[in-house]
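Note sheet for the following structure.
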Amino acid sequence: MTRRLAQVAKKVGVSEATVSRVLNGKPGVSQSTRQSVLTALDVLGYERPTQLRGERARLVGLVLPELQNPIFPAFAEVIGGALAQQGLTPVLCTQTKGGVSEADYVELLLQQQVSGVVFAGGLFAQADAPHDHYRQLAERKIPVVLINAPIENLDFPCISCDDAVAVEQAWRHLASLGHERIGLVLGPSDHVPSRRKLAAALATAKAARAKLPDEYIERSMFSLEGGQAAASRLLDRGVTGIICASDPLALGAVRAARRRGLDVPREVSVVGFDDSAFMNCTEPPLTTVRQPIEAMGRAAVEMLTAQIQGGAVPPGELLFEPELVVRGSTAQAPRAVVRAEAAARG
């Protein structure tokens, strides 16, 4: 019982005494705090006290495209905790190959009469994918918040990391290290964030009077294996610096270099995107562009709860600034190293 009180108190951000008062039906606790405690019980998998089981918590769908990429569990943790503090219970919907489709999940959520839905990635980020189920949510006026890509012609509020700034930071970092042959490993051609990253890379290269030919741009599914295959093709063309659209893609690029006997970062530099869990524990530790997960997740919940409560939320996209995190997977370009060593000897 003591352990349960401590876990619920930590989840909600209140004292154990407050949790105890709620569970025992005692007065002196606000309705919002009371609801948050009950929601935390649901989220943590504890049974409600018998006298409180009739009170059904308000449900919010949390739709994720996968759990293999650690960035999505990170989003789920932040968003789920913020929802619980608002007295809302997250219903996690994760897609798997051959499993329940995103459209089917939306139908199930509508049957559960959810108060709203947060999409942390999914088909909305693919311009050529079917979007009918999103229109269904809009027609029923269900509060929705999207993360990292808006849907054209649908005015859902959107929280995004600024892809243009992310690529500019990564490109300038590699250029400052002397890299001239910089390649990109992006997602599929209809993936909206990847399109934005490509546009930003082209603009940054042009401004720096650098080259970014088509053969330095590769696309892949978002997986370590996909990153490895795409990076192998770039290495065939002499690229020395690789910017990837996700951390798993970047880890695949590191593997591709090593399979060829190339040292990372001495011979090839690699930059990821997300700064997901354990990227500081890889070998070498991954240089990457960090998404502000905590701030983005909490902002998404704030926008959703404002809609649920009938408040006005401006349509459009709210952009969050990324941060370049320099670790051990980037270094001076090979020719720059040779020049530096020659200068030291001279």
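The values are calculated or read from the model by the stated rules, or taken from the named source; none is laboratory data. Just so it is clear, the model here is predicted, and its values are computed rather than measured. Here the Cβ is made from the backbone with ideal geometry for all residues, glycine too, and neighbour counts use every protein chain on show. All accessible areas refer to the heavy atoms of the entire protein, side chains included, with ligands and DNA or RNA removed. Shrake-Rupley method; radii C 1.70, N 1.55, O 1.52, S 1.80 Å.
What is the sum of charges around Pro248, taking Lys and Arg as +1, Asp and Glu as -1, for the other residues whose C-beta is under 13 Å from the C-beta of Pro248?
-4
Within the chain, what whole-number % of the accessible surface is contributed by carbon and sulfur, with the 1.4 Å probe and all protein chains included in the calculation? Can you show the working numbers first?
Working: 8200 of 16220 Å².
Its accessible area is 51 percent carbon and sulfur atoms.
If I take the Cα coordinates of region 1-52 and project them onto the principal axes, what are the three extents in Å, biggest first?
Extents along the principal axes, in whole Å: 23, 23, 18.
Report the antiparallel proportion of the DSSP beta bridges in the chain as a percent, rounded to a multiple of 5.
If we restrict to bridges inside the chain, about 15 percent are antiparallel.
Could you provide, to the nearest whole Å², the per residue accessible area of region 163-291 with probe 1.4 Å? List each step's numbers first, then the result.
Working: 5320 Å² over 129 residues.
It amounts to 41 Å² per residue over region 163-291.
Once the principal axes of the Cα atoms of the chain are found, what is the range along each, listed largest first in whole angstroms?
Principal axes ranked by extent give 81, 45, 36 Å for the Cα atoms.
Rounded to the nearest 0.05, what FRET efficiency do Lys141 and Ser101 have when you use their Cβ-Cβ distance and R0 = 30 Å?
0.85
Would you compute, from DSSP H runs of 4+ residues alone, the mean residue ellipticity of the chain at 222 nm, taking -39500 (n - 2.57) per run and dividing by the full residue count, rounded to the nearest 500?
Values: 12 runs with 150 residues, N = 346.
My calculation for the chain gives -13500 deg cm²/dmol from helical runs alone.
Binning at 10 Å from 0, report for region 1-146 what percent of all alpha-carbon pair distances ends up in each bin.
11, 38, 29, 17, 5, 0
Region 189-293: D in µm²/s via Stokes-Einstein (Kirkwood Rh, Cα pairs, 25 °C, 0.890 mPa s)?
Stokes-Einstein gives a translational diffusion coefficient of 176 µm²/s.
At a 1.4 Å probe radius, which order do Leu92, Leu249 fall into by accessible area, largest first? Please list the in-between numbers first.
On the way: Leu92 95, Leu249 0 Å².
So, going from the largest accessible area down, we get Leu92, Leu249.
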